[in-house]
Amino acid sequence: MSIPPADSLTVESDSENFESGQPEKTIVIVRYGELSLKSKGVRDRYEQILKNNIQQMLEYHNVSFSKIQRDFGRIFIHSSDPAAAKITALVFGVVSVSSAYLCSSDPAEITAFCANTGEKMIADGETFAVRARRAGNHSFTSNEIARQCGDAIWEKLAASGKTPAVDLTNPDKEIFVEVRQTNSYVYFETIKGPGGFPTGTQGKMVVLLSGGIDSPVGAWLMMKRGIEIIPVFFDNEQYAGSIVSEKAIENAKVLFSWTPGRRQKIYRIKNGEYMDKMMQTTGTKNICLMCKRFMFRVAGAVMDKEKASGIITGSSLGQVASQTAENMLSETYGLSLPLYHPLLAFDKQEIVDIAQRIGTFDISIRSDGGKECLAVPEKPEVKAILTAAVSEEEKFVFDIDEMVQKTVENAEIIEMKI
Ligand code: ATP
Ligand code: MG
């Protein structure tokens, strides 16, 4: 099981051209955003969870490290594994990471280090800038240390026959110096993480996960906000295309690989009996409406059973017949369920872009040439009247609540550890 490299998440990247013999990058600096807005107690708890999640991600990808430390608004990973930064940048809650060289906080040492490395990485004619920041008590300001390092690099470049040029606005190369109380960190690149909140800080939600492009993306966006997911997949049995189940399960596994180290479960719901019975009385054009409404009811029952706090879908307004505002209203009319549609306002291309980045796109577009659902009528309703779904349910010759209960009891629960 592989997840995509974080390359696509990279915002700034410098090519490294250090000669051998340079010190190794031994520290990964991890930055996180919204967490820092929380009260101290909450922040402490979230930081601890984030730290554990980083550890799980590194272990899942076999990245070696010796220590992960929390220190005033940052997490530091002690690792000289070249993959450490990119893998850490996959963890929800992480805003950005940098792979850094470790120095003392002695200004002479920082300056000498910057001069040596700067001279190696700045080519003749390239402009540069030193950016410094400081936390702790020191005898110098951020500006002073930045200026000292800049001067030292300048001299070193000039001595080696290059023409130094500083450009603070739009430099070709940037050297970042972060000085803490006893250590300093020097780095040249920042990799963007997904942001959001650490997994496990916002509870669990059920996700209506199909084999399609949209629902895995909706699930991922909620996972990014700290949610743990319980995928619920409807296998329409005699009405289902042959590869739909396998795509849904594979998508679930890719999603799980974003939050590794946990026990996970997928509900595979057998929906054939309901479909047969519903189609005996439901007007043809309302079949999709009634299928969706049943999915919501069953998802609600799974949510209760799992003590989850919501239901996520991949619905995007107007994208297909089933997702007009009128249909969405009729589908849920009279149902009291916490349904979340994170993609409601997203365009298809925006959804596709995320699907590609998170590794579900290639699974979702797989096709055996057949239809995904054989029950879909040629002309489904696109402008359902408000109470259409309720009127259709009144015609049922079976008890809907019993059917929901039986369907959940008969669900196949696929458990795994990823
Ligand atoms: P997707 O790309 O996620 O399949 P879609 O564009 O095909 O969505 P619909 O088929 O109307 O649109 O589905 C809307 C939402 O309903 C899906 O995003 C998903 O959350 C849920 N859904 C649809 N089919 C299934 C299924 N077989 N199992 C579980 N959920 C489903
Ligand atoms: Mg679909």
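Read-outs throughout are calculated quantities, based only on the coordinates presented, and are distinct from any laboratory measurement. Owing to the predicted nature of the structure, the values given are computational and were not obtained by experimental measurement. Glycine also receives a Cβ, built like all others from the backbone with ideal geometry; neighbour counts cover every protein chain displayed.
By the count of other C-beta atoms within 10 Å, a proxy for reagent exposure, 156, 120 are ordered fewest to most as 120, 156. With a cut-off of 17 Å, note down the residues of segment 315-336 whose backbone N falls inside the zone around a label point 7 Å from the Cα of residue 306 toward its beta carbon. What the label zone holds, given the 17 Å backbone N cut-off, is 315. Its Cα gyration tensor gives segment 264-418 an equivalent ellipsoid; the semi-axes, largest first and in whole Å, are 25, 21, 16.
The smallest convex shape that holds all Cα atoms of the chain, its convex hull, gives 161 Å³ per residue. Cross-link partners for residue 305 among the aspartates and glutamates, with Cα-Cα distance under 13 Å and sequence neighbours closer than 8 places in the same chain left out: 409. Keeping to pairs on different chains or 8 or more places apart, tell me how many lysine pairs in segment 116-222 have Cα atoms under 24 Å apart. Lysine pairs, 8 or more places apart or on different chains, close enough: 6.
Between the helical axis of 40-60 and the longest alpha-carbon principal axis of the chain there is an angle of about 90 degrees. Panel order for 333, 274, by other beta carbons found within 10 Å of each beta carbon, from fewest to most: 333, 274. Near residue 184, the amide H atoms lying under 5 Å from its own belong to 103, 104, 105; only residues 5 or more places off or on other chains count, and H is placed 1.01 Å from N. List, in the order given, every pair from 253/383; 265/371; 247/383 whose Cα-Cα distance in the structure shown is over 32 Å. The answer is 253/383.
Amide H contacts under 5 Å for residue 132: 177, restricted to partners 5 or more places along the chain or on a different chain, H placed in the peptide plane at 1.01 Å from N.
Taking the number of Cβ atoms within 10 Å of each Cβ as an exposure proxy, the fewest-first ranking of 138, 78 is 78, 138.
In this structure, residue 402 and residue 59 have a Cβ-Cβ separation that, at R0 = 35 Å, corresponds to a calculated FRET efficiency of about 0.15. Any idea what the dipole of the chain comes to, in debye rounded to 20, about its Cα centre with Lys/Arg Cβ at +1 and Asp/Glu Cβ at -1? That gives a dipole near 1000 debye. The phi-based Karplus calculation (6.51 cos²θ - 1.76 cosθ + 1.60; θ = phi - 60°) puts the 3J(HN,Hα) values of segment 184-196 at 10, 10, 10, 8, 10, 9, 10, 9, 7, x, x, x, x Hz, whole numbers, x for Gly and Pro.
Remark: segment 211-352 carries a charge dipole of roughly 380 debye about the Cα centre, counting +1 on each Lys and Arg Cβ and -1 on each Asp and Glu Cβ. Listed by chain and number, the aspartates and glutamates whose alpha-carbon sits under 14 Å from that of residue 40, ignoring those within fewer than 8 places in the same chain, are 71. Taking Cβ atoms as reference points and 13 Å as the exclusive limit, the residues near residue 354 contribute a net charge of -1, counting Lys and Arg as +1 and Asp and Glu as -1. When the chain is treated as a Gaussian network with alpha carbon springs shorter than 10 Å, the biggest mean-square fluctuation among 194, 82, 216 belongs to 82. Placing a label point 7 Å from the Cα of residue 385 along the Cα-to-Cβ direction, the residues of segment 266-284 whose backbone N falls under 18 Å from that point are 282-284. For the chain, with a Gaussian network of springs between Cα atoms less than 10 Å apart, report the residue from 318, 93, 161 with the top mean-square fluctuation. Of the options given, 161 has the highest mean-square fluctuation. For residue 33, the residues 5 or more places off, or on other chains, whose built amide H falls under 5 Å of its own are 95.
The antiparallel fraction among DSSP beta bridges confined to segment 29-166 stands at about 85%. As a size descriptor, the averaged projected area of the C-alpha convex hull of segment 138-267 was calculated at 13.8 nm². Report the FRET efficiency, 1/(1 + (r/R0)^6), for residue 172 and residue 37, where r is their Cβ-Cβ distance and R0 is 41 Å, rounded to 0.05. FRET efficiency, residue 172 to residue 37: 0.75.
When the chain is modelled as a GNM with alpha-carbon springs shorter than 10 Å, which of 323, 56, 405 fluctuates the most? Result: 405 has the largest fluctuation of those listed. If a cysteine in the chain has no other Cys Cβ under 4.7 Å from its own Cβ, put it on the list, ordered by number. Those would be 103, 288, 291, 373, since no other cysteine Cβ in the chain comes under 4.7 Å of theirs.
For the chain, find the longest principal axis of its Cα atoms and tell me its angle to the long axis of helix 400-409, 0 to 90°, nearest 10. Rounded to the nearest ten degrees, it is 50.
Entry note, the chain: the mean residue ellipticity at 222 nm calculated from DSSP H runs of n ≥ 4, each adding -39500 (n - 2.57), is -11000 deg cm²/dmol after division by the residues and rounding to the nearest 500. What is the sum of charges, Lys and Arg at +1 and Asp and Glu at -1, for the other residues whose Cβ falls under 10 Å from the Cβ of residue 284? Local net charge: 0. At a Förster radius of 25 Å, what calculated FRET efficiency corresponds to the Cβ-Cβ distance of residue 371 and residue 273, to the nearest 0.05? After rounding to 0.05, the efficiency reads 0.75. Each part gets one Cα centre, and for segment 300-315 versus segment 29-56 those centres are 26 Å apart.
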